[in-house]
Amino acid sequence: MLISNMEHIPGKRITEHLGLVQGSSVRAKHVGRDIMAGLKNIFGGELKGYTELLQESRDEALGRMLQQAEAAGANAVMNVRFSTSSVAQGAAEIYVYGTAVTVE
Amino acid sequence: MFELILFLILLVLGYGFGRWAEKRHYRSIIEREKTLNRLPAIASRIPPEKGRYRQTLVMGNTVISVDYFKRFLAGLRNLFGGRVTAYETLLDRARRESLLRMKEQAAGMNAEMVFNVKYETASISKGRRDTIGSVEVLAYGTALIPEPASASDQD
């Protein structure tokens, strides 16, 4: 499965548009990480726990989008966009969407 | 009295560690930017016509927090107005670090360039007394990986 955030693929022709596919994931972190993040808020610097958390969450959202694309019979997802929103304190929603297509 | 002392201790700790961490981070960013300069990241949406490429989505993210001292400074700025340099450096660091991580991922795939780069910013610990606190920056784009010449000859 090809994932790209470009609108067309050089050297390949899009044969069919299969519509929008999407995937989302909401995750919160455990208390230990929250406490560490609280400390980091005093000292400043990177919150590694959160970086990992969001990375995992993004991978999961991508995975769900791919599942949907596969179910639609696509072999590529194009024009992929990410969006993040904090739903509540300590939880973030990651949303991924793109266009499922078949390419030659 | 105790609260005042705690506040001052936090300020001093934040100032000391925050400055140290920021300097160290900037040094590493500048160093890695030099080595990754060979791999251009372009915001253009139109891929090059020449050459055959395989493409994949690459991304890099960072969550960075400001220190206590800078948050205090930003609070003061809210009274007087003006540029909040404390947060400017925070976002600058987060953006550059994310772009570097994206480039590192692309470099690991032997990509030649990264196209259609987009940034996405979100504040994570929102709601706690309306402070920015920490931001997440995600940089993503499409890495173009040159395909071997033999494969393109067959087509």
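Listed values, structure above:
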item	result
Residues within the stretch B:36-72 that are without any contact (Cβ under 8 Å) to a residue 60 or more places away in the chain and either of a type in the set (D, E, K, R) or under 14 Å from B:MET113 (Cα atoms) (or both), tallied	7
Candidates A:LEU54, A:LEU62, A:LEU66 - the one that is under 15 Å from A:TYR95 (Cβ atoms), part of a helix (DSSP H, G or I) and touching an Asp or Glu at 6+ places or on another chain (Cβ under 8 Å)	A:LEU54
Qualifying residues in the stretch A:53-91 (those that are more than 9 Å from every other protein chain (Cβ to nearest Cβ) and free of Cβ contacts under 8 Å to residues at least 40 places away in the same chain) - the one farthest from B:LYS118 (Cα to Cα)	A:ALA71
Unique residue being over 13 Å from the mean Cα position of the chain (by Cα) and charged (D, E, K, R) when the list is A:GLU7, A:GLU56	A:GLU7
Residue match in the stretch B:69-91 (condition: crowded, with 22+ Cβ neighbours inside 10 Å, within 13 Å of chain A (Cβ to nearest Cβ) and either in contact with a Leu (Cβ under 6 Å, 6 or more places away or on another chain) or of a type in the set (Asp, Glu) (or both))	yes
B:ARG32 vs. criteria assigned to a helix (DSSP H, G or I), under 15 Å from the mean Cα position of the chain (by Cα), more than 9 Å from every other protein chain (Cβ to nearest Cβ) and buried (at least 16 other Cβ atoms within 10 Å of the Cβ)	yes
Single condition B:LYS23 does not satisfy, out of (1) more than 15 Å from A:ILE42 (Cα to Cα); (2) modelled with pLDDT under 90	(2)
Exclusive hit being assigned to a strand (DSSP E or B) and either under 30 Å from B:THR89 (Cβ atoms) or at pLDDT below 85 (or both), set A:ILE94, A:ILE35, A:ILE9	A:ILE94
Set A:GLY49, A:GLY98, A:GLY44: member being at the interface with another protein chain (Cβ under 10 Å from one of its Cβ atoms) and touching an Asp or Glu at 6+ places or on another chain (Cβ under 6 Å)	A:GLY44
Scan of the stretch B:61-78 for residues that are under 20 Å from the mean Cα position of the chain (by Cα) and not β-branched (Val, Ile, Thr), ordered by number	B:ASN61, B:SER65, B:ASP67, B:LYS70, B:ARG71
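The values are calculated or read from the model by the stated rules, or taken from the named source; none is laboratory data. The structure displayed is predicted, hence computed values, not measured ones. Positions of Cβ are generated from backbone atoms using ideal geometry, with glycine treated the same way; all protein chains shown enter the neighbour counts.
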